[in-house]
Amino acid sequence: MKSLIFERGLLIGGERVVLSLFRASPGFVLERRLIERDQTTFVQVLPITVPYDVQRFAVADNYSKELAPLYYEVRRQLLESRALG
């Protein structure tokens, strides 16, 4: 089972990109959804074992520049959630 911690999206050039951070057993999972103009949807799932996993994933993202504020918020939420236990 997983519970949603954070979810935000942006419209970029006619495509919608959504980042969702979940608490899952035994840790966290980041989902990146790309929804194209014709509603075709692609989902990438990143199991997070260390906070640096998000940084590596973000750097490889074609929209990393546009999504930088969202990735920042994901990292902040992740660190805050880890601090709370």
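Laid out as a table, the results:
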read-out	value
Conditions (1) surrounded by 12 or more Cβ atoms within 10 Å (Cβ to Cβ); (2) in contact with a Leu (Cβ under 7 Å, 6 or more places away or on another chain): number failed by Arg82	(2)
Test: residue in the stretch 30-50 that is at pLDDT 95 or above, closer than 13 Å to Leu78 by Cβ, surrounded by 10 or more Cβ atoms within 10 Å (Cβ to Cβ) and polar (S, T, N, Q)	no
Pairs, first within 13 Å of Leu30 (Cα to Cα) in the stretch 50-68, second of a type in the set (S, T, N, Q) and surrounded by 12 or more Cβ atoms within 10 Å (Cβ to Cβ), C-beta under 6 Å, six or more apart	Ala58/Ser64
Any hit, the stretch 12-34, residues being polar (S, T, N, Q) and under 14 Å from the mean Cα position of the chain (by Cα)	yes
Residues of the stretch 35-82 classified as closer than 19 Å to Gly13 by Cα, part of a strand (DSSP E or B) and either within 13 Å of the chain's Cα centre (by Cα) or hydrophobic (A, V, I, L, M, F, W, C) (or both), total	3
Residue that is of a type in the set (A, V, I, L, M) and free of Cβ contacts under 8 Å to residues at least 12 places away in the same chain, where the choices are Leu11, Leu79, Leu46	Leu11
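The values are calculated or read from the model by the stated rules, or taken from the named source; none is laboratory data. Keep in mind that this is a model prediction, so the values were computed, not measured. Neighbour counts are summed over all protein chains in view; Cβ atoms, including those assigned to glycine, are modelled from backbone coordinates with ideal geometry.
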